[in-house]
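Report on one structure; see the data block that follows.
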Amino acid sequence: MSFLGVSGMQYSGASLAGSRILLVEDSNLFTSMIRARLRELLDIDVEICRNFEELQLAYDKSSEPIQLAISNMNLPGAEKGEALAYLLDLSIPTIAFTGTFLEGMRDELIAKNVVDYILKDNVFAVDLLAESICRFLTNQRHHVLIVDDSPTARALLSSRLKRYNFRVSIAEGGVKALEILKANRDIGLMVTDYNMPDMDGFELTRRIRAATGSHQLRIIGVSSSTNRLLSARFLKAGGNDFILRPFIDEEFYCRVNQNLDTLLQIQSARRVSETA
């Protein structure tokens, strides 16, 4: 499986053909476009549910787990978002695919823990949807380490990353983070707080960079401090990105995606150079 996403990211890897995907959509145009695009790009065949009743039957007829659902907000028999609520109540990861986006809807969707929301407002909507689906299904290949001394912050970041299907490890400080990194060489991204009692984010980053380059591990620093110099200091210590709290979910997910995309691109380039 290999294709160039709308963002310019080259996706490659094992086929996703075995994934069970539900498409809850009543538009013949969009069901045809989405089904054809997912077959072409990802070798995926979706199950189509054109109304709320068909969605319920699709869930009841098979015990095979549903990896992901794509759901319109307004369906026959479910004009007020009942289909989306039904999927989320079943803890099925869901992407909202909607042509209606009223003020306040974004906050409502994020509060419901949707994986993503895609608007049917431009010619790239189906490609954006395909890219979002591919990211979700392949995120399980990525192992992310969260480092923060606050239990609340750790739980919040962990829940966000797990919502997007990442594998997650957590550490309450720098010393524990170094132990986890040593034992888990597959960790490709670390998200670390700056202000921690045993070892601050700068020192943790410097110690990691003494042995591990950006081609092996990407590091994102986070802080709720108002000191604007923190980002420059963090980047000079060897970090790859920095984000200030409070941040919105989409910004955090985009930063994570961009760093993992860069990691994959660097690793791919190194493999090519080594075999040339």
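Where a number appears in this text, it was derived from the coordinates with a stated rule and is not lab data. Source: prediction; values computed, not measured.
From the list (1) 1.09; (2) 1.31; (3) 1.61, can you say which value of Cα Rg over 2.2 N^0.38 Å was derived from the structure given?
For Cα Rg over 2.2 N^0.38 Å, the calculated option is (1).
Straight-line reach from residue 176: which aspartates and glutamates have a Cα under 20 Å away, not including same-chain ones fewer than 8 places off?
Straight-line reach from residue 176, under 20 Å: 148, 149, 186, 193, 198, 200, 203.
Go ahead and estimate [θ] at 222 nm for the chain from helices alone: -39,500 (n - 2.57) per DSSP H run with n ≥ 4, summed, over the residue count, rounded to 500.
Dividing the helical sum by the residues of the chain leaves -13500 deg cm²/dmol.
Does anyone have the angle between helix 174-183 and the longest principal axis of the chain? Alpha-carbon axes, 0 to 90°, nearest 10?
With both axes taken from Cα atoms, the answer is about 70 degrees.
Where the centroid of each part is defined by its Cα atoms, how far is segment 250-276 from segment 58-97 in Å?
Result: 32 Å between the Cα centres.
Please give the helix 125-138 orientation as an angle from the longest Cα principal axis of the chain, in degrees from 0 to 90, rounded to the nearest 10.
60
Round to the nearest 10 and give me the degree value, 0 to 90, for the angle of helix 249-275's Cα axis relative to the longest principal axis of the chain.
Its long axis makes an angle of about 70 degrees.
Using only alpha-carbon positions, what ratio does the radius of gyration of segment 175-276 give when scaled by 2.2 N^0.38 Å? All intermediate terms of the calculation are to be shown ahead of the outcome.
Numbers: Rg = 14.2 Å, N = 102, 2.2 N^0.38 = 12.8 Å.
Ratio of Rg to 2.2 N^0.38 Å for segment 175-276: 1.11.
Most fluctuating residue of 52, 247, 136 in a GNM of the chain with Cα springs under 10 Å: which is it?
247
Rounded to the nearest 5, what % of the DSSP beta bridges within the chain are antiparallel ones?
Working: 4 of 37 bridges.
Roughly 10 percent of the beta bridges in the chain run antiparallel, per DSSP.
Compute the distance from the alpha-carbon center of segment 201-217 to that of segment 25-48, in whole Å.
Comparing the Cα centres of segment 201-217 and segment 25-48, I get a distance of 43 Å.
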